[in-house]
Amino acid sequence: MRYQKILVTGGAGFIGANFVRYLLEHDQKVEITVLDKLTYSGNLDNITDLSTKRLHVVVGDICDAPLVDQLVQTVDVVMNFAAESHNDNSLANPRPFLDTNIIGTYTLLEAVRKYRVFYHHVSTDEVFGDLPIDSTATFQEESRYQPSSPYSATKASSDHLVRAWVRSFGIQATISNSSNNYGPYQYVEKLIPRTIATVMSGEKPQIFGSGKQVRDWLHVTDHVRGLLAILERGQSGQTYLFSANCQLSNLTVVQKILHQLGQNSSNISHVADRPGHDQRYALDASSTMAALDWHPAFSDFDAGLEETIAWYQNHQNWWQKAHTIVEAKYLQEGRR
Ligand code: NAD
Ligand code: TDX
C-alpha cells in the first residue's frame, strides 16, 4: 500500500464502512481515522465491532474547518465518502446537500492543499445525467456533466471543485464515479434494502412510477476493491469509473427480491413517480479496468443479491428501527 495513514470521511455509512472493514482485514499495517457526523445514515455499529488499535473514530463534520485541518495533517491520504446520498431527501430538502457535498468537499480540499496530502473523491455516475431507457448508449470518463437532481448537482459541483484544485493549486487527487451499489450495511432508504426490509415486514414494496427505469448494479465489495486499486495505482488528475455492467430495471430487481423471499412477484405497489426521475444509468468502465487492473468479482447479480438478503435476514435489529423511520417519512411526504 502506498499510504499507511488514511482519513476516511463518512466511514460510518454504507460504502465507507465496507471500505474500513475490508481494508483493516486485508492490510495489517494501515491505520484508519474515521471522521463521521453520524447523520441518520451513519451508524457507529457498522465499524465499532472491529476491535483494533488501528481504527480511530472522530465524530464530527467535514464542514468544520479547524477539525478537518487538525486531522488532515496527521494522515497521508483522505478518502472522502461523506455525503448526503439520497435523491428523495434532496428533493424534500436540498440544503444539507449543498452544505456537506459542496462546502464539505471544499473544506477538505483546502486542508489537503495546505498539507500536500493525497485526496480521493468518491462520486457517482449520476453526474452524467441519464440515458434513454431503450438505448444501448453508455457514459464514459469524458461524458458531459448533466446532473438532474439536487443530489447529483451537488456531487457534480464537488467533482468540479476537485478538478479545479488539481489544476489551479496542484493538489494530488483522483475522482471515481461509481454506479449503484448494493450489499451489507446499506441504509434502508435505498431501493434494494428498502424492498428487502419492506417485504420482510410483510408489506408491499413500492415502485416509483412504471419501474422500467434502469440502474447499473455493483456489489459494494467490488467498489471497495476498485478504490483500493486507486490507492495502489491511481494517477493524480485521473477519473475512474466503476461498474459491473449489470443493468436491470427496478421492476426486475424488486421481482427478484420477492422471488428470493418466497413471495408472489406481482405483490407490488406502484406509487407516484420520483420527480425528475433519471431513466437509465450505464457506465462503460473498460478504460478503468485496463488502467487499474480492476475487475468486479461479483459477476452474478442473483448470487450477490441472495447474500445481501441473507445479511438483512441475519441483522434485523440493525435495520428495523430505521425501516420504521424511513417509511413514516415517505408516508408524511405523500410518497407511499
Ligand atoms: P451513506 O448515506 O450510507 O453514508 C454517508 C456517511 O457520511 C454517513 O455515515 C454520514 O453520517 C456521513 N456524513 C454525512 N454528512 C457528513 C458530514 N457533513 N460530515 C461528516 N460525515 C458526514 O452513503 P453511501 O451510500 O455510503 O455513499 C458514500 C459515497 O458514495 C457518497 O459520496 C455517495 O455520493 C457515493 N456513491 C454512492 C453510491 C450508492 O449506490 N450508494 C453510488 C455511487 C456513489
Ligand atoms: O422505494 C423505492 N422505489 C423505487 O422505485 C426506491 C427507494 C427507489 N426506487 C427507484 C428509484 C431509482 O430509479 O429505484 C431506483 C434506485 O433508487 P435509489 O436506491 O434511491 O438510488 P438512485 O436514486 O439510483 O441513487 C443511488 O445510486 C447512485 C444512490 O442513492 C446514490 O447515492 C448514488 O450516487
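A few comments on the model shown:
- Qualifying residue in the range 275-294 (condition: open to solvent by less than 10 Å² (accessible area, probe 1.4 Å), in a strand (DSSP E or B) and of a type in the set (Lys, Arg)): yes
- Here Gly202 meets each of (1) assigned to a loop (DSSP other than H, G, I, E, B); (2) more than 22 Å from the chain's Cα centre (by Cα); (3) at negative phi with one exception, condition (3).
- Members of the range 65-80 found to be within 29 Å of Asn180 (Cα to Cα) and open to solvent by 30 Å² or more (accessible area, probe 1.4 Å), listed by number: Asp76
- On inspection, Thr195 qualifies as in contact with a Leu (Cβ under 9 Å, 6 or more places away or on another chain), of a type in the set (Ser, Thr, Tyr) and farther than 15 Å from Leu283 by Cβ.
- Some residue of the range 38-47 being within 23 Å of Asn317 (Cα to Cα), of a type in the set (Val, Ile, Thr) and away from ligand 2 (no atom under 16 Å from the Cβ): yes
- Single unsatisfied condition, His121 versus (1) free of Cβ contacts under 8 Å to residues at least 60 places away in the same chain; (2) more than 29 Å from His277 (Cα to Cα); (3) not hydrophobic (A, V, I, L, M, F, W, C): (2)
- Condition broken by Val188, with the remaining ones in (1) closer than 22 Å to Pro275 by Cβ; (2) surrounded by fewer than 20 Cβ atoms within 10 Å (Cβ to Cβ) satisfied: (2)
- Check on Ile171, within 19 Å of Asn80 (Cβ to Cβ), aliphatic (A, V, I, L, M) and in contact with a Lys or Arg (Cβ under 6 Å, 6 or more places away or on another chain): yes
- Residue list for the range 75-102, restricted to those being in contact with a Gly (Cβ under 7 Å, 6 or more places away or on another chain), more than 14 Å from Ala153 (Cα to Cα) and among the aliphatic types (A, V, I, L, M): Ala82
- Test result for Ile257, of a type in the set (Val, Ile, Thr), assigned to a helix (DSSP H, G or I), within 16 Å of ligand 1 (Cβ to nearest atom) and crowded, with 20+ Cβ neighbours inside 10 Å: no
- Pairs linking a residue in the range 150-167 that is of a type in the set (Asp, Glu) to a residue that is in a helix (DSSP H, G or I), with Cβ atoms under 8 Å and 6 or more positions apart or on different chains, are Asp159/Val127.
- Residue within the range 143-160 that is under 13 Å from Leu241 (Cα atoms), open to solvent by less than 40 Å² (accessible area, probe 1.4 Å), part of a loop (DSSP other than H, G, I, E, B) and more than 10 Å from ligand 1 (Cβ to nearest atom) present: yes
- So Ser201, is it open to solvent by 40 Å² or more (accessible area, probe 1.4 Å), of a type in the set (Gly, Ala, Ser), in contact (Cβ under 8 Å) with a residue 60 or more places away in the chain and away from ligand 1 (no atom under 11 Å from the Cβ): yes
- Pairs linking a residue in the range 251-277 that is small (Gly, Ala, Ser) to a residue that is assigned to a loop (DSSP other than H, G, I, E, B), with Cβ atoms under 8 Å and 6 or more positions apart or on different chains, are Ser269/Lys204; Ser269/Pro205; Ser269/Arg336; Ala272/Gly209; Ala272/Gly334; Ala272/Arg335; Gly276/Ser148; Gly276/Ser149.
- Scanning the range 85-139 for residues that are open to solvent by 50 Å² or more (accessible area, probe 1.4 Å), more than 20 Å from Tyr40 (Cβ to Cβ) and within 14 Å of ligand 1 (Cβ to nearest atom) gives a single hit, Tyr106.
- Applying the set (1) modelled with pLDDT under 95; (2) surrounded by fewer than 14 Cβ atoms within 10 Å (Cβ to Cβ) to Thr324 leaves exactly one unmet item: (1).
The values are calculated or read from the model by the stated rules, or taken from the named source; none is laboratory data. These numbers were taken from a predicted model, which means no experiment stands behind them. Glycine also receives a Cβ, built like all others from the backbone with ideal geometry; neighbour counts cover every protein chain displayed. What goes into the accessible areas is simple: the full protein's heavy atoms, side chains included, and nothing from ligands, DNA or RNA. Shrake-Rupley method; radii C 1.70, N 1.55, O 1.52, S 1.80 Å.
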